[in-house]
Every structure is written in structure tokens, then in C-alpha cells.
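All remarks here apply to the structure that follows.
The values are calculated or read from the model by the stated rules, or taken from the named source; none is laboratory data. These figures come from a predicted structure and were not determined experimentally. Reconstructed Cβ throughout: ideal geometry from the backbone, glycine too, with neighbour counts over all protein chains shown. Areas reflect the complete protein model, heavy atoms only, side chains present, ligands, DNA and RNA absent. Shrake-Rupley method; radii C 1.70, N 1.55, O 1.52, S 1.80 Å.
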Amino acid sequence: MDNEERGYVPSDVEQKWQTRWDERGTNAFTVEELRTAENPFYNLMMFPYPSAEGLHVGNIYAFTGADVHGRFQRLQGKDVFEPIGFDAFGIHSENFALKVGTHPMDLIPSNVKNFTRQLRRIGGMFDWDHAVDTTQPDYYRWTQWVFLKLFEAGLAERKEAPVNWCPSCMTVLANEQVVGGLCERCDTPVEQRRIAQWFFKITQFSQRLLDNLETIDWSDTTTKAQRNWIGRSEGAELAFPLIPIAELGERDSRPDAIDPEAVHLTDEAHTIRVFTTRPDTVFGATFMVLAPEHPAVDFLTTDASRAEVDAYRQKAAGSDLVSRQKTDKEKTGVFTGGYCRNPATGEAIPVWIADYVLMDYGTGAIMAVPGHDERDFEFATEFGLEIRRVVARKDEDADTPLEEAAPGDGRLVNSGHFDGMPKAEAIRAVTEWLGERDLGELQVNYRLHDWCISRQRYWGPPIPIIHCDSCGAVPVPESDLPVILPRVEDFRPDDSGISPLARVEEWYQVDCPSCEGPARRETDVSDTFLDSGWYFLRYPSTDSEGVAFDPEITKRWLPVDTYIGGNEHAVLHLMYSRFLTMVLKDLGHLEFEEPFTRFRAHGLIIREGAKMSKSKGNVIVPDPIIEQYGADTFRTYLMFLGPFEEGGDYQDKGIEGPRGFLHRLFDTAVNAEDREPDADVERKVHQTIEQVTQQIPELGYNTSIAAMMECLNVIRAGGRTAARAEIEPLVVMVAPFAPHLAEELWERFGHEESIFEGRNWPEFDAEKAAENSVEMAVQVMGKLRGTITVPVDTDQESAVAAAQAEENVARHLDGKTVRKVIHVPNRMINFVAN
RNA sequence: GCCGGGGUGGCGAAACGGUAAACGCAGGAGACUUAAAAUCUUCCGGGCUUCGGCCCUUGCGGGUUCGAGUCCCGCCCCCGGCACCA
């Protein structure tokens, strides 16, 4: 063979194998195969949003890591289904389309085309026959179907809720577009407007979403994030009776004394309920604070305070998110003029409103215990309200002054017959005591909010509902799906704050499916997270036209075996997917309720110690690198530069290491001789097999590659030529990282089938890997004083003798008495001596 | 503030409680080259050294242990996320 024929030219090799994989259908499953696969393994990665910039190195990192996993499983004999798709509906695409002035229907296909080209080029084992594009009617038809299922189950509800409004752009913003309370585009403070929107009642599933976390194998960081997001907290709901002003008598000596006639109590509202995690401190509740939006404010407010209250409420309602969300700002608030009774002390306490109390958590009302809550303390200090101690630590008593809020542990004081009771016990006891009068009960609260899926935008699947004056909200019949998103040239949201579709009369004017009278389509589209909340169900069933997902195929392939993705989706996407899966299970469409058996979050890539960003101009552009080094080298380097689950620092020159490794591997393999392997080399090879086989499924990619490099160094040591049996296992083990190179060498070894077609992973042989001698460390008083080489499994007596014979060891033991010997077989000996 | 994840050579990083720095980058020296590239060999944490070795070193301070980068307690710093959740 001459040099030209033998040399490793990555681009040629990669081109050759990508073409051949396509021709042979190596990566694609037929419907028949999907129905009959014997060792199904569903290997999923988070599908990308196809931006105009093309594939980001972060995408490539994630996909390569997932692909390595899939290819490894395939080499182990699994039928690995590894689909890919495009998450192209939604705000990102729409905003970009607005920016460049191209219609998303024109823009997206070219982005998808470019992504497809790049994804093919990196050599992922993608099944292109089962790709999914969320913007296609044959996909979003089923997204709309999912909505209908939730609607039928009573889990979709329309209610008023605030939307983010940018007064400068005059447009509705998605939460993602609000950064620190400011519009991401123009930095204008975002306001809130209330409009009717669709919600999915995910909060009904809070406890289940929490409990199930115990049953799935996910990255710890991700389960913790989910747990946090659900935010379970245990406490009590307590009732504070309202007091008609007349009863106050002379208690209140304010100059603006309250007009009894001004207090209006309705029968349903004799009390205000609060949620607290510290019912034990109720004796210290010296005032109450309501969220400005709280409905009770209306009838609590007296004529004297009305003007001030209204002004405050108005300000809070229009208030931009920045100032309301700032935790370090000074507390503001207004006294309503009304009072309620502390159910424990019987005292009348004033009711205030303040924006630090949020309407959408708990009951929208709190009992303020300034002595033992920081925020209440601050508020009380600001407005001169009473601060009372009701909990004391050991070194304190009932009269110890409070310099600051004391939220910690202790025993009750100033709390009637509960005095002296420890906090934990009191939480129960006080609640029970109030419960006897129907004024309290233990209660669990969650931070999780219902999922608002309405978007007053254009680029998304229309919500399949028709509003009829006589029938109300009527679901579009399933047979009428999909509700096609019409092509609208002017898709910019405008200052009306309603969806662009609301301007397309010929589209929204329809007959009511129920009464056939004139009706109007819902003109909001759904959240992009709804598209991505079920896509993994569609992949294996893209051949099925009449159903969202084929029951038989779904049963065989789902739940997903391994899902790999970024932690930026640790809460929303993963939570919504879990929720939808639970609902579909309850409705009898699925047999499992957790979609992803195993989830692993990958880390982030930075470059030369700095975060990559367009503004810094330090973004890695993959195409030129792949052109210069080839996809195999790029993949291997990405996997080598740090632990996959932690990410790493991309150093431009670092790629030279893996490049040299793959070239040497190629060179060694093509020059290998047909002869018996050398025992020492074979030992190293089998030790490497053991290590790599164990580490790859754990995503220990960087150390696996290091081990293979080390192994190759041993094989080539002193310029020796390899025996084929020495190098072939290494070629297979490198295949998940450098699939094209491995295929090429596999073929040159004389195999006719693809390396990925069979169970070709090398078998570990413990006997061949076994060492016959080991180097042991010898310590004296825990300090290394020498090493000895002894046969494996040398007993303590012989090892000690050998150690003592070591010159340097002997010197350190000289004149000392050995008190104790620590012997760790095959590792070390430590003489404890003095 | 709260919740995660981290602090180890010049750099990216390794290390079941057991020889810290494997593997790689950068760098030094050398070989092959007319030369360069590529390739190969070799050195490479710091300080002493009588060349046998000795001492120091995993963000800081304590502790447990025969032995701690690793476990425990208390701090400091960096990165990411959440943010008045009662």
C-alpha cells in the first residue's frame, strides 16, 4: 500500500460512511422494526430550536454526548432508537422572524434544512425517517389533540390572569422575554395587564409530581430543582374573623375613627383566611396584610381610607415587575381602615394591604408576626406597628427585646396556656386548639402554579376552541383537527394586546360546532412548551396517521430509557412533560406515568475560561472546525475536555490531543500484524476494556478517552507494531466517539457488516487483565518512604519483610519500635512507629 | 437572601479514605528535515540537597483517622438558577 491509500483523511472517511449509513438504513427503523424490536432502547436528547445562526456548539456537545451513549448501547446489542426533531414553534422563531422581516413560514424551513445538514455532518445516529417538526400540521394536529384531552378531563380552564406588557413595544411578552422585570428588547419596565387565558391545572398534580421523583433515576441537580419548583410547605390555614367597626368601641383612638356604616360584611366573608408555616406564632400576629388584589379589600376599606387604598391598589396593579419584585426595596403599604380579630388573643388587629404579599400564593393574605418574620418586622418598623415576642430561645425570656426578627426555634412565651411549649409541638397544638372553633386546620401549600398556555402571539398552534355566545367555550371536534394556522403577513403583535389572529376575521369567524350559530375561534395560540411536552411520544409513531401515538409501538418503546439534556430545562419542560404523561395515563392513553426513566443533565461549554456570547465574539463556529479536523476529532475532543455532566473549557489548541490520538490509532490499526498479542499489552487492553465498559454508561467520557489514549500509548511504546488482536478492541471502544473512523477500520479488518449492526463490544477477560505483580507504597508514620514491587496478593508478613528491606524505609524505622502495621493488600503498608 | 455546582501544576483536568497531578494542551531540550509543517524521543508543581534523599503543596481555619483533595465543623471566593412563597 502506498501512503496515499493508507493515510487518514477524515473528510473522505466521514463522507463515505455517512453516505453508506443512509444507503443501508443503518440508523433508521422501519415500522416493522419498531413493532418487533427485541431489545428496544429509546435514546432521547432534547430537540433543538432551529435558529438562523445554525447549530450551536452547546447543541453539538449535548447531542454528541447522547449519541455516544446510544452508540455504546447499540454496540452492546441493543436496538437503539435515536430520533431528532425541531422545536420551531414559539417565541424565539417569531422574534427572529420579526427582526429580519421574514415570515416564519419561509424562515423556518431554511433553518431546518441548515440544521439537518449540520446534524448529519456531526455523525449522530439519528433516525431521520422519524424526525419531528412541531410547526407541521401533522404534528400540531396532535398537540391540539392533547389540549382537547385536557379540556375534556376538566384540566384546562379559562380565567383572568396578568400578562406581561411592554408599553414601549406595545406588545405582550412571554415570561422568557422579561429579564429582571425589563423588556429584553428595549429595557422598558414591563407592566401587567389582565386578560382571560387558558390554564392547565398542573397544581392538582403537585404531590404526585413530588412523590414520583423518588421512583425515577434522574440527575440529582434536576430532581432537586423540581422539588424546589414544586415548593411544598407544610403549615396551617387560620381564620381571622372580621370585626364590624361598631364593635371596636373605644379601642381605636385614631383621629380618623371609623364609620361603622362604612364596613360591609357579606355572609360568605366573615373571616379572612391566611396560610402560615408558623401557626405557633399566632399570638404574636399584631396585624394582617392582604395582597392589594385581595377581594376582601373592597369591603374592609372605610370611607376615610378609600382614596389612599384605591391609589395604592392601582399603583400595584399597573406596577412594573421590577419594582414589585425587588426584595431589597422599602416596604410600602396602606391601612385599609378595617380590623379583624386575632383568633388566639381575641384582640382586634388592623388590616393592611401591601405588595409584598402575593395574591397567587396561599390565600393572598398573611397574619403578620413581626417578632418572628423578617419581612413583617421590616413592615412593622416602617409603619410603627406593634412587635411582640412569642418565641424565646433558652437564653431569652418573654421580655427579652427584639432587635430584629427571630424566625428560629424556641419555646412559646406570651402565648397563654401554650407558654413553654417547643415550636414543633406548638405548631400542631395551636392549630388543633383553633380547629376546635373551626378557626384553623393543618394545610399544605405548593409554590407550583397552574400552567398558563395562552400566548397572544402568532407563531404557535391555535388553541382548538370555539367561543359561542350561547354554548360558551366549545372544543373543536377531533375530526376537524388540525386547526390550521393561517398564513398572516402582518403577524406582529399590536397595542390591542390581543393575538394577531384576532385580526383575521375570515379565519376566526366560524359556526359553533354545537349549535351551529355564529361563533368565534379562540385566537390565542398555545405555549411552545406544549409542543415539546409530548414530542417524545410522537417520534416512534410518526408513521401513524390516525393517532397521536400508536399504542403497540408506544408500549414497546416507552418510557424513554435515557434522556439527556440541559439543566436550563430542569423545571419547566421536564415538569410539563411529566404532567402531560400523568394526565394521558389517567385518561387511559398510556400505561406509564413517568416519561423519562433516566435523565442526565449535561454541563455547559465555556471557551478559554469565558462564557461564549455573540457580543463578545467568542462563539465557537462548528463548521470550520469540522472541516479542518473532521467530525470524529471534534466529537472526541468535546467529550474529552471535561466531565460530561459538568461541562468544560474549550481551548482552541486542545483539539490537537484527540486529533493526534485518532491519527495514531488509524496508523496503528492499518499497520497491525496478524500475530499473537503480547501478554503485557493484552493485559493493558483488557484493563482498558474493563474501565471503559464501566465508565461509558455512567457518562465518564473524558476518563474513558484518557484510558484509551493510555492504552494506545502502551501498544505503540518504543515504536512497536501492534498485533491486530491488540488494536481491534480499541477500535470498537472508540466507535461511540469516532464512529466514521471506527467503521472504516472495521471494514479494513475485513468485516462486511457495519460495526454498529451487531454486538461487537469487546468482551472483558479478567484473567487476561490480571497483573502478576504490583507496586506497593510503603509509609512510615503516614509518609511515603519507598515503594516495593511484589507478587499480587502477597500476604502481610512477606510484604512487611520486603518493605523493611527497603533501604530508605529501614533508615526511617531505625531506632524506632513498630507499634502497628497497616496493610492494605496490593496497595500500601504503613508502619506506625516511634 | 435561598437553592444547586465548583475552588487541585502555566492551562483543561485525573485520583474505591491509601504513592496527588493519570490523560491532554502549552512550554523546554533533542532526532529526522536544505527549511518549515507533520512525526518521533525526552523533560516539565515549588524549595533545599552532601545527589542517598529531605521539606512544602489540592481556597482558608479547626477536627476525626495509622493515613484526608476525598469525611465532619466553621469561614472565604467563583459560576449557574430562583427571588418578598408567609
**Item:** When residues of segment A:327-343 are limited to those that are within 15 Å of RNA strand B (Cβ to nearest atom) and open to solvent by 20 Å² or more (accessible area, probe 1.4 Å), the one modelled with the lowest pLDDT
**Value:** A:THR327
**Prompt:** Taking only pairs six or more apart or across chains, which ones have beta-carbon atoms under 9 Å, a first residue in segment A:384-400 that is under 22 Å from A:VAL334 (Cβ atoms) and open to solvent by 30 Å² or more (accessible area, probe 1.4 Å), and a second residue that is at pLDDT below 90 and among the small types (Gly, Ala, Ser)?
**Reply:** A:ILE387/A:ALA405
**Prompt:** If only one of A:ALA679, A:ALA669 is within 21 Å of A:TRP17 (Cα to Cα), away from RNA strand B (no atom under 13 Å from the Cβ) and either open to solvent by 30 Å² or more (accessible area, probe 1.4 Å) or out of contact with any His (no Cβ under 6 Å at 6 or more places or on another chain) (or both), which one is it?
**Reply:** A:ALA669
**Message:** With the structure loaded, tell me whether A:GLY660 is surrounded by fewer than 21 Cβ atoms within 10 Å (Cβ to Cβ), at positive phi, within 43 Å of the chain's Cα centre (by Cα) and within 9 Å of RNA strand B (Cβ to nearest atom) or whether it fails that test.
**Reply:** no
**Message:** Against the conditions (1) more than 13 Å from RNA strand B (Cβ to nearest atom); (2) within 23 Å of A:THR688 (Cβ to Cβ), where does A:THR817 fall short? Just the number, please.
**Reply:** (2)
**Request:** Inspect segment A:534-541 for any residue being closer than 20 Å to A:GLY90 by Cα, open to solvent by 20 Å² or more (accessible area, probe 1.4 Å) and touching a residue at least 24 places away in the same chain (Cβ under 8 Å) and give the result as yes or no.
**Result:** no
**Asked** With (1) of a type in the set (Ser, Thr, Tyr); (2) over 26 Å from A:ARG659 (Cβ atoms); (3) surrounded by 19 or more Cβ atoms within 10 Å (Cβ to Cβ) as the list, and A:TYR61 as the residue in question, which single condition is left unmet?
**Response** (2)
**Complete:** Subset of segment A:716-755, residues among the β-branched types (Val, Ile, Thr) and open to solvent by 10 Å² or more (accessible area, probe 1.4 Å), comes to A:THR721
**Prompt:** Does segment A:37-58 contain at least one residue that is at negative phi, among the small types (Gly, Ala, Ser) and not in a loop (DSSP other than H, G, I, E, B)?
**Reply:** yes
**Prompt:** Quick one: in segment A:346-382, which of the residues that are of a type in the set (A, V, I, L, M, F, W, C) and assigned to a helix (DSSP H, G or I) is farthest from RNA strand B (Cβ to nearest atom)?
**Reply:** A:ALA380
**Fill in**
For segment A:202-237, the count of residues that are near RNA strand B (Cβ under 9 Å from one of its atoms), in contact with a Phe, Trp or Tyr (Cβ under 9 Å, 6 or more places away or on another chain) and β-branched (Val, Ile, Thr) equals 1
**Fill in**
Only one of A:ASP267, A:ASP187, A:ASP259 is closer than 30 Å to A:GLN456 by Cβ, at pLDDT below 75 and surrounded by fewer than 19 Cβ atoms within 10 Å (Cβ to Cβ), namely A:ASP187
**Item:** Top-ranked residue in segment A:756-766 [being assigned to a helix (DSSP H, G or I) and among the hydrophobic types (A, V, I, L, M, F, W, C); ranked as surrounded by the fewest Cβ atoms within 10 Å (Cβ to Cβ)]
**Value:** A:ALA766
**Asked** What single numbered condition from (1) modelled with pLDDT of 95 or more; (2) within 30 Å of A:GLU552 (Cα to Cα); (3) crowded, with 17+ Cβ neighbours inside 10 Å fails to hold for A:ILE484?
**Response** (3)
**Message:** Within segment A:582-610, take every residue that is within 10 Å of RNA strand B (Cβ to nearest atom) and touching a helix residue (DSSP H, G or I) at 6+ places or on another chain (Cβ under 9 Å) and give me the one that is most open to solvent (accessible area, probe 1.4 Å).
**Reply:** A:LEU604
**Request:** Output the number of the condition that A:VAL525 fails; it satisfies all remaining conditions of (1) closer than 15 Å to A:LEU481 by Cα; (2) open to solvent by 10 Å² or more (accessible area, probe 1.4 Å).
**Result:** (2)
**Asked** Out of segment A:142-173, which residues are in a strand (DSSP E or B) and surrounded by fewer than 16 Cβ atoms within 10 Å (Cβ to Cβ)?
**Response** A:GLU157, A:LYS159, A:GLU160
**Prompt:** Does A:TRP218 count as open to solvent by less than 70 Å² (accessible area, probe 1.4 Å) and either of a type in the set (A, V, I, L, M, F, W, C) or modelled with pLDDT of 95 or more (or both)?
**Reply:** yes
**Message:** Six or more apart or on different chains, Cβ atoms under 8 Å: show the pairs whose first residue is in segment A:113-126 and without any contact (Cβ under 8 Å) to a residue 40 or more places away in the chain and farther than 18 Å from A:PRO10 by Cβ and whose second is open to solvent by 10 Å² or more (accessible area, probe 1.4 Å) and in a helix (DSSP H, G or I).
**Reply:** A:THR116/A:TRP128
**Prompt:** Quick one: would you say A:ALA296 is buried (at least 16 other Cβ atoms within 10 Å of the Cβ), modelled with pLDDT of 85 or more and more than 11 Å from RNA strand B (Cβ to nearest atom)?
**Reply:** yes
**Message:** Can you pull out every residue in segment A:85-110 that is surrounded by fewer than 24 Cβ atoms within 10 Å (Cβ to Cβ) and part of a loop (DSSP other than H, G, I, E, B)?
**Reply:** A:ASP87, A:GLY101, A:THR102, A:HIS103
**Item:** strands (runs of 3 or more DSSP E) lying entirely in segment A:553-648 (those with 2 or more residues that are touching a Leu at 6+ places or on another chain (Cβ under 8 Å) and under 22 Å from A:VAL68 (Cα atoms))
**Value:** A:562-566, A:598-602
**Message:** If A:ASP550 satisfies all but one of (1) under 25 Å from A:ARG447 (Cα atoms); (2) free of Cβ contacts under 8 Å to residues at least 60 places away in the same chain; (3) of a type in the set (D, E, K, R); (4) buried (at least 18 other Cβ atoms within 10 Å of the Cβ), what's the number of the condition it fails?
**Reply:** (1)
**Message:** Against the condition within 30 Å of A:ASP667 (Cβ to Cβ) and part of a loop (DSSP other than H, G, I, E, B), how does A:TYR8 come out, does it pass?
**Reply:** yes
**Asked** Which one of A:MET776, A:MET781 is touching a residue at least 12 places away in the same chain (Cβ under 8 Å), under 50 Å from the mean Cα position of the chain (by Cα), within 9 Å of RNA strand B (Cβ to nearest atom) and open to solvent by 80 Å² or more (accessible area, probe 1.4 Å)?
**Response** A:MET781
**Item:** Check on A:ILE122, more than 30 Å from A:PRO736 (Cβ to Cβ) and β-branched (Val, Ile, Thr)
**Value:** no
**Message:** I want to confirm something. Restricting to segment A:682-724 and keeping residues that are within 8 Å of RNA strand B (Cβ to nearest atom) and assigned to a loop (DSSP other than H, G, I, E, B), which single residue is nearest to the chain's Cα centre (by Cα)?
**Reply:** A:GLY700
**Prompt:** Within the set of pairs 6 or more residues apart or between chains, which connect a residue that is surrounded by fewer than 18 Cβ atoms within 10 Å (Cβ to Cβ) inside segment A:417-431 to a residue that is acidic (Asp, Glu) with Cβ atoms less than 6 Å apart?
**Reply:** A:LYS423/A:ASP280; A:LYS423/A:ASP409
